[in-house]
1. Looking at the range 1-146 from every direction and averaging, what is the projected area of its Cα convex hull in nm²?
2. Place the peptides 369-376, 444-451, 107-114 in order of packing, highest mean first, counting for every residue the other Cβ atoms within 10 Å and averaging per peptide.
3. Summing -39500 (n - 2.57) over the DSSP H runs of n ≥ 4 in the chain and dividing by its residue number, what mean residue ellipticity at 222 nm do you reach, to the nearest 500 deg cm²/dmol?
4. With a 1.4 Å probe and all protein chains left in place, how much of the accessible area of the range 18-117 comes from carbon and sulfur atoms, in whole percent?
5. On a full-extension model of 0.36 nm per residue, what is the gain between E58 and E397, subtracting their alpha-carbon distance, rounded to one decimal in nm?
6. Please go through the range 127-176 and write out the trypsin sites (Lys or Arg not before Pro) that DSSP classes as loop and that have at most 11 other C-beta atoms within 10 Å.
7. Any idea which of G246, P200, M432 is furthest toward the positive side of the dipole for the chain, if Lys and Arg beta-carbons carry +1 and Asp and Glu beta-carbons -1?
8. Add +1 for every Lys or Arg and -1 for every Asp or Glu among the other residues with Cβ under 9 Å from the Cβ of Y271, and state the total.
Amino acid sequence: MGSVAGDVSRLAYPPARRDDSVFDDYHGVKIPDPYRWLEDPDSEETKEFVARQAELAETVLAGCPDRENLRREITRLFDHPRHGAPFRRGNKYFYFHNSGLQAQSVLYMQDDLDGKVEVLLDPNTLSKDGTVALKTYSISEDGNYFAYGLSKSGSDWVTIHVMSIADKQLMPDKLSWVKFSSISWTHDGKGFFYGRYPAPREGELDAGTETNINLNHQIYYHVMGSDQSEDILCWKDPEHPKYSFGASVTEDGKYIVLSIYEGCDPVNKLYYCEISSLPRGIEGFRGTEVLLPFVKLIDDFDAQYEVVANDGDEFTFSTNKSAPKNKLVRVNLKNPEFWTDVLPEHEKDVLESADVVNNNQLLVCYMSDVKHVLQLRDFGTGNLIHQLPLEIGSVFEISCRREDKEVFIGFTSFLSPGIIYRCNLASAIPEMKVFRETSVPGFDRTRFQVRQLKKDYSYTQVFIPSKDGTKIPMFVMSKKDIKLDGSHPTLLYGYGGFNISITPSFSVGRVVLCKNMDFVVCIANIRGGGEYGEEWHKLVHLQ
């Protein structure tokens, strides 16, 4: 295929008005912001500027003789089925599946993994253009109810609905003004916790383009069959209007855990409430001004704490407290002064996740030089039992619960579109078998290399020294027969921010560039991400 032709130096780029009267004053230091007017997506001036940019792009793309060929090739490669890992609730299995070009994945259910498949929710049927999306969901412990949040046109605002799973009938429950919220059922199936904001004033409704900050997040408990106006206010903090909250019920159903966040940094406060300690239950707070009696376990923003599991009062957390690459710690709520390390911080690898499986074992995922490693460890001691066989790539999903003797693991890499592994933990040595594997028509992984391709199609990385000597990991992808001599067009992608790690993953766009236009694609893991823990995120020099 060819490339875009023409003299781009003659392009008439749309002028952007500069307003030098706009600035911010930070402690006496004036910071100009001359293009702030572009932050208003609804102004006629902004709309005109965007329209002229689109017109300019179209004139350039119109000069590409292979535009339609590229469109057909991209569409062909994108048109392949994709599966999510199955998960169990009650006596049924559930999983997501996309047939190829569906705008939204469909949620299916079945009585067993070999049984008849039924559609539980197809978001594609909820709008003509496929822009109604499933943003959050939760199935009750008994598998009777499916609570799910839908958003329209890319908006962060979510409306929660509830469906009866047995007959797939929509319940009358409907919850509005939900944003950045999970859904967590109490084990009695009577209702669930969720987060919402006060309803916006008239004229402030969001169309998916709002730029105003949301204030005064609150946690509510919704009782099935009741109107949202009767929902029970569980937590708010009007003295800190920018705080956001997340409430979740522990896997044993005994506790409500409240996580409090101030921004995007990986730090949070953590409170808890024992459900059985409430004399009249959660519903006893209906119509009162009294909030749930949360106990403060962590009451400052000095680190991040996430619940891994609990045995009654004894909780195991994943934390970056004095451990920028994360560790597992344990504490008894009745004796909160004493914390012990279960799995200390690794010398160089980042602890990405930890799940308790097979009753008393830990399935832990480490990120080692931007590649994932899976290990089975003892839950009590943290000692290594087995390292699971996994080629170089990324674990994008782990589906398991504490009582499960088998788990499902979603895996991808630059040359693997997607594999769902079924791992049997009941045997002395864990068995990893392919449960489902994604196949992309027209893609042959043996024709590509990701830097020093070996006979087993695994690959290594390149490490590039930056100005201060810090080695930056980078993957280089190309066709197998291409010499890396600088003579080919190159796409360099780098990202570093918000503690987000860019791990190996399959990309149709990258495949098309390499296969059809002889591109070399480089993915650099620059500082600011989470590839080497919190220090890497904070741009600290690592020796």
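1. Details: hull surface 65.6 nm².
It is 16.4 nm².
2. Values: 369-376: 20.6, 444-451: 16.8, 107-114: 14.8.
The packing order, highest mean first, is 369-376, 444-451, 107-114.
3. Working: 4 runs with 44 residues, N = 543.
My calculation for the chain gives -2500 deg cm²/dmol from helical runs alone.
4. Details: 3290 of 6320 Å².
Roughly 52 percent, rounded to a whole number.
5. Working: separation 339, 0.36 × 339 = 122.04 nm, distance 3.85 nm.
Full extension from E58 to E397 adds 118.2 nm.
6. Passing sites in the range 127-176 are K128.
7. So the residue we want is M432.
8. On the way: positive: K269, K296; negative: D299.
With Lys, Arg at +1 and Asp, Glu at -1, the neighbours total +1.
The values are calculated or read from the model by the stated rules, or taken from the named source; none is laboratory data. Here the structure is a predicted model, which is why all the values come from computation and not from measurement. FYI the Cβ positions are ideal-geometry reconstructions off the backbone, even for glycines, and counts take in every protein chain you see. Heads up: the accessible areas ignore ligands, DNA and RNA and are worked out on the full protein's heavy atoms, side chains in. Shrake-Rupley method; radii C 1.70, N 1.55, O 1.52, S 1.80 Å.
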